[in-house]
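One structure is given here, and the rest of the page talks about it.
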Amino acid sequence: MDTELTHARFHPSYCTAPGLFRSLHKGQRKMKKLDVSYCWGSYKMHFVGKERLGADDMRLLQVIVALAGPIGVTLSPDPTKAIPLALRHKLEVDAGRPLDAIMLSCSASKLLAETGMTDGGGNTNILKASLTRMNSVTVIVTYDGAIASYKMLSHIFEGRSKQLHIALNPMLADAVDNKPPFTRIELNEVRKLKSDAARLIHQRLCGFVNQGQTHKVGLDRLCSYAWGERANPATERKRRQRIPDAVRSLSDCGWIVSEDGRNQLLISRPSGSGPVKCESRPLPKYRSHFSK
């Protein structure tokens with residue numbers, strides 16, 4: 001596939017879950033396990049993993065989701081071929097829930113190139129480590145007393161050919177397949193962002209600001225988008241000082257940012273094809289995943 005990827009269609013909850021992805025310094029990733037609980041409308045989300053996920057993992061997932069649009073194929077509950085069967089097994093979708101996932105195959109060099117990394121210098125190992133981290137994340141979703149659970153993704157890496165096979169869970173698969181609710185992340189914007197803070201803030205905003213709309217956001221809230229929980233006063237001051245650069249990156253992508261009182265910003269997302277509105281009420285096609 002030689003055409004440039006233009007966008008990724010995400011389920012909004014993966015964009016807006018606080019602390020699911022965060023800016024991490026060296027060594028921070030292993031200090032605490034991932035344990036994020038979040039209510040998205042009527043759905044209770046719980047993300048549990050062996051390690052925290054960073055902006056690098058988020059960026060890779062954006063590319064995988066974007067690639068799944070043009071080259072992904074349905075991964076049914078009962079595949080017969082070896083690779084789809086292994087991916088389905090590793091995805092750990094609840095037994096008895098006939099939910100479709102989605103799978104794609106591509107080279108490791110393709111994924112690295114799309115994330116702005118070269119194919120060499122240990123980057124393949126970085127890629128594999130990120131996939132393993134996300135493969136360890138279990139997503140538990142509760143709605144109306146019913147529970148569904150599965151891994152964030154699963155993968156198989158063929159060492160000799162460096163070919164990757166990746167499966168995305170049913171919630172991500174529905175968004176890729178254009179089933180609401182989903183939010184559209186423009187990859188031409190993502191490519192212009194230079195810092196982890198800017199990338200994290202951008203994805204969080206994409207989760208609830210529809211194209212062409214404006215929202216008021218406080219500086220402290222923007223800090224939480226990038227770094228998760230609060231730190232000591234000195235660290236918080238340093239973080240706040242880094243927000244203007246991140247906001248300027250958004251302006252370079254066509255977003256309009258203006259001050260609206262002390263420590264408040266008005267942020268407008270560029271108009272475009274637009275995502276489906278992120279409604280909190282149950283949506284019929286998605287509710288079926290939780291039928292008892």
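The values are calculated or read from the model by the stated rules, or taken from the named source; none is laboratory data. Model, not experiment: these values are computed from the prediction. As a convention, Cβ positions derive from the backbone with ideal geometry for all residues, glycine included, and neighbour counts pool all protein chains shown. In case anyone asks, the SASA skips ligands and DNA or RNA and just uses the protein heavy atoms, side chains included. Shrake-Rupley method; radii C 1.70, N 1.55, O 1.52, S 1.80 Å.
In the range 2-21, is there at least one residue being among the aliphatic types (A, V, I, L, M), open to solvent by 40 Å² or more (accessible area, probe 1.4 Å), at pLDDT below 95 and farther than 15 Å from LEU168 by Cα? Scanning the range 2-21, I find no residue that is among the aliphatic types (A, V, I, L, M), open to solvent by 40 Å² or more (accessible area, probe 1.4 Å), at pLDDT below 95 and farther than 15 Å from LEU168 by Cα, so the answer is no.
This table checks each residue for (1) open to solvent by 40 Å² or more (accessible area, probe 1.4 Å); (2) in contact with a helix residue (DSSP H, G or I) (Cβ under 6 Å, 6 or more places away or on another chain); (3) within 24 Å of LEU34 (Cβ to Cβ).
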{"site": "ASP119", "(1), (2), (3)": "yes, yes, no"}
{"site": "ASN123", "(1), (2), (3)": "no, yes, yes"}
{"site": "SER130", "(1), (2), (3)": "no, yes, yes"}
{"site": "ASN135", "(1), (2), (3)": "no, no, yes"}
{"site": "HIS155", "(1), (2), (3)": "no, yes, yes"}
{"site": "ARG160", "(1), (2), (3)": "yes, no, no"}
{"site": "LEU164", "(1), (2), (3)": "no, yes, yes"}
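Annotation for the range 50-61: at least one member residue is over 12 Å from HIS165 (Cβ atoms) and part of a strand (DSSP E or B). Looking for something closer than 21 Å to ILE140 by Cα and either touching a His at 6+ places or on another chain (Cβ under 8 Å) or not in a strand (DSSP E or B) (or both) - is there at least one such residue anywhere in the range 66-75? Taking every residue of the range 66-75 in turn, none turns out to be closer than 21 Å to ILE140 by Cα and either touching a His at 6+ places or on another chain (Cβ under 8 Å) or not in a strand (DSSP E or B) (or both). Residues in the range 114-146 that are of a type in the set (A, V, I, L, M, F, W, C) and without any contact (Cβ under 8 Å) to a residue 60 or more places away in the chain were compared, and the one that is nearest to LEU53 (Cα to Cα) is ALA129. Taking every residue in the range 176-191 that is basic (Lys, Arg) and pairing it with any residue that is assigned to a strand (DSSP E or B), at least 6 positions away or on another chain, the pairs with Cβ-Cβ distances below 6 Å are ARG184/HIS7; ARG184/ARG9.
Taking the criterion of being among the basic types (Lys, Arg) and either under 25 Å from GLU114 (Cα atoms) or part of a helix (DSSP H, G or I) (or both), the residues of the range 16-49 that qualify are ARG22, LYS26, ARG29.
Checking the stated criteria, TYR225 turns out to be modelled with pLDDT of 80 or more and open to solvent by less than 30 Å² (accessible area, probe 1.4 Å). Looking across GLY41, GLY69, GLY49, one residue alone is more than 22 Å from ASP177 (Cα to Cα), open to solvent by less than 50 Å² (accessible area, probe 1.4 Å) and of a type outside the set (Phe, Trp, Tyr). It is GLY49. Tallying residues that are among the polar types (S, T, N, Q) and open to solvent by less than 50 Å² (accessible area, probe 1.4 Å) within the range 236-251 yields 1.
Check whether at least one residue in the range 93-107 is out of contact with any strand residue (DSSP E or B) (no Cβ under 9 Å at 6 or more places or on another chain) and either open to solvent by less than 50 Å² (accessible area, probe 1.4 Å) or under 24 Å from PRO12 (Cα atoms) (or both), and report yes or no. Within the range 93-107, one or more residues are out of contact with any strand residue (DSSP E or B) (no Cβ under 9 Å at 6 or more places or on another chain) and either open to solvent by less than 50 Å² (accessible area, probe 1.4 Å) or under 24 Å from PRO12 (Cα atoms) (or both).
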